[in-house]
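Have a look at the structure below, then the notes.
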Amino acid sequence: DQHVPQIITSSTHAADLVCEEFGCDPELVTSIVDRVDLNAFYPRQNEEERLGSLQALGIPSGRHIIVYLGKLAEYQGTGLLLDAARELCAKRNDLHFIIAGYPSVDVYEARAAELGIAEHCSFLGRVNYEHAADVLRLGDIAVSPKISKTEGAGKLLNYMAVGLPTVAFDNGVSREYLGDLGIYAPLGDAKALAEQIDRLVDDGPRRQ
């Protein structure tokens, strides 16, 4: 980063980071922040169609749907999300987690089984971009458990465009995108993540 003529970042948070922590010249840093295609990502309009899709996935009726779409990896917080799901499923039976993305789907499916929450989780695997919004529109709440402090978080913009209230770990890029409308848990704290999801599930006006 000290030997290139220009640095381009996908968030202003990342631009600040390379200048403040890595000593890059601010004049050589340009932020071109992520955007979302609002012709593809928009709030759901057909509840009957949604219910039919949930039924096709074998998800019992009457469950609140928590959705995640992104890479499956520890630095993305996938393991912490499953830990939070275990906390929640230990005290309530009305939640279901749709976890879409790849790789290591089999690893996380096995982990969900070990945690005793397999019947409350649906792993969809890799989702083509043209179907991403359809998956997100199945949800009632979106979650972003990423623990990386330096990466962008384009999924947040997709969540927002679909109109999903979002629970995220508290970091710079989450604050940049979600602002005061995000629901935050301390970085890396699965129990706190579960608590925030729990509160949001039971607070319809806040979700809206």
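So which residues in segment 132-169 are in a loop (DSSP other than H, G, I, E, B), surrounded by fewer than 19 Cβ atoms within 10 Å (Cβ to Cβ) and either at pLDDT 95 or above or out of contact with any Leu (no Cβ under 8 Å at 6 or more places or on another chain) (or both)? Working first, answer last.
Residues of segment 132-169 in a loop (DSSP other than H, G, I, E, B): 137-140, 145-153, 163-165.
In the following step, the residues that additionally are surrounded by fewer than 19 Cβ atoms within 10 Å (Cβ to Cβ) were identified as 140, 147-151, 163.
Correct list: Asp140, Ser148, Glu151, Gly163.
Which of the numbered conditions does Asp37 fail, given that it passes all the others? Conditions: (1) of a type in the set (Asp, Glu); (2) within 20 Å of the chain's Cα centre (by Cα); (3) assigned to a helix (DSSP H, G or I).
Condition not satisfied by Asp37: (3).
When you look at Gly188, is it over 17 Å from Leu82 (Cβ atoms) and either small (Gly, Ala, Ser) or without any contact (Cβ under 8 Å) to a residue 12 or more places away in the chain (or both), yes or no?
Values: over 17 Å from Leu82 (Cβ atoms): no; either small (Gly, Ala, Ser) or without any contact (Cβ under 8 Å) to a residue 12 or more places away in the chain (or both): yes.
In short, no.
How many residues does segment 170-193 hold that are open to solvent by 30 Å² or more (accessible area, probe 1.4 Å), among the hydrophobic types (A, V, I, L, M, F, W, C) and part of a helix (DSSP H, G or I)?
So the answer is 1.
Starting from residues that are of a type in the set (Lys, Arg) and under 24 Å from Pro43 (Cβ atoms), keep the ones in segment 149-193 and report whichever is farthest from the chain's Cα centre (by Cα). Talk me through it step by step, then tell me what you get.
Here is the first cut: in segment 149-193, the ones of a type in the set (Lys, Arg) are 149, 155, 175, 191.
Still in the running and under 24 Å from Pro43 (Cβ atoms): 155, 175.
Numbers: Lys155: 6, Arg175: 14 Å.
That would be Arg175.
Looking at Val67 and the list (1) in contact (Cβ under 8 Å) with a residue 60 or more places away in the chain; (2) more than 30 Å from His120 (Cβ to Cβ); (3) of a type in the set (Val, Ile, Thr), which single condition is not satisfied?
Result: Val67 passes all but (2).
Looking at segment 147-166, I want the residues that are polar (S, T, N, Q) and have a partner that is open to solvent by 30 Å² or more (accessible area, probe 1.4 Å) with Cβ atoms under 6 Å, at least 6 apart or on another chain. Which pairs are those?
From segment 147-166, the pairs are Ser148/Tyr75; Asn158/Val36.
Would you check which residues across segment 1-13 are surrounded by 17 or more Cβ atoms within 10 Å (Cβ to Cβ) and within 23 Å of the chain's Cα centre (by Cα) and list them? Break it down into steps so the answer makes sense when it comes.
Taking segment 1-13 as the starting set, the residues that turn out to be surrounded by 17 or more Cβ atoms within 10 Å (Cβ to Cβ) are 7, 9-11, 13.
The answer is Thr9, Ser10, Ser11, His13.
Please determine, by comparing only the residues of segment 14-56 that are aromatic (Phe, Trp, Tyr) and open to solvent by 80 Å² or more (accessible area, probe 1.4 Å), which one is modelled with the lowest pLDDT.
As a first pass, look at segment 14-56 and keep what is aromatic (Phe, Trp, Tyr): 22, 41-42.
This time we only want the ones that are open to solvent by 80 Å² or more (accessible area, probe 1.4 Å), so: 22, 42.
Numbers: Phe22: 93, Tyr42: 96.
The selected residue is Phe22.
Only one of these conditions is not met by Asp94: (1) under 15 Å from the mean Cα position of the chain (by Cα); (2) under 22 Å from Gly204 (Cα atoms). Which number is it?
Answer for Asp94: the failing condition is (1).
Determine, yes or no, whether Leu51 is out of contact with any helix residue (DSSP H, G or I) (no Cβ under 9 Å at 6 or more places or on another chain) and assigned to a helix (DSSP H, G or I). It would help to see each step written out before you state the result.
On the way: out of contact with any helix residue (DSSP H, G or I) (no Cβ under 9 Å at 6 or more places or on another chain): yes; assigned to a helix (DSSP H, G or I): yes.
Against the criterion (out of contact with any helix residue (DSSP H, G or I) (no Cβ under 9 Å at 6 or more places or on another chain) and assigned to a helix (DSSP H, G or I)), Leu51 qualifies.
Failed condition for Asp198, given (1) among the charged types (D, E, K, R); (2) surrounded by 19 or more Cβ atoms within 10 Å (Cβ to Cβ); (3) at pLDDT 95 or above, with all others met?
Going through (1) among the charged types (D, E, K, R); (2) surrounded by 19 or more Cβ atoms within 10 Å (Cβ to Cβ); (3) at pLDDT 95 or above one by one, Asp198 breaks only (2).
Every residue, every condition in (1) among the polar types (S, T, N, Q); (2) more than 20 Å from Gly58 (Cβ to Cβ), yes or no:
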| position | (1), (2) |
| --- | --- |
| Ala90 | no, yes |
| Glu109 | no, no |
| Leu115 | no, no |
| Ala118 | no, no |
| Ser122 | yes, no |
| Ala132 | no, yes |
| Lys146 | no, yes |
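The values are calculated or read from the model by the stated rules, or taken from the named source; none is laboratory data. The structure presented is a predicted model; accordingly, all values stated were derived computationally and were not measured. When we count neighbours, we look across all protein chains shown, and the Cβ atoms used for this are built from the backbone with ideal geometry, even at glycine. Note: accessible area is taken over every heavy atom of the protein model, side chains too, but ligands, DNA and RNA are not part of it. Shrake-Rupley method; radii C 1.70, N 1.55, O 1.52, S 1.80 Å.
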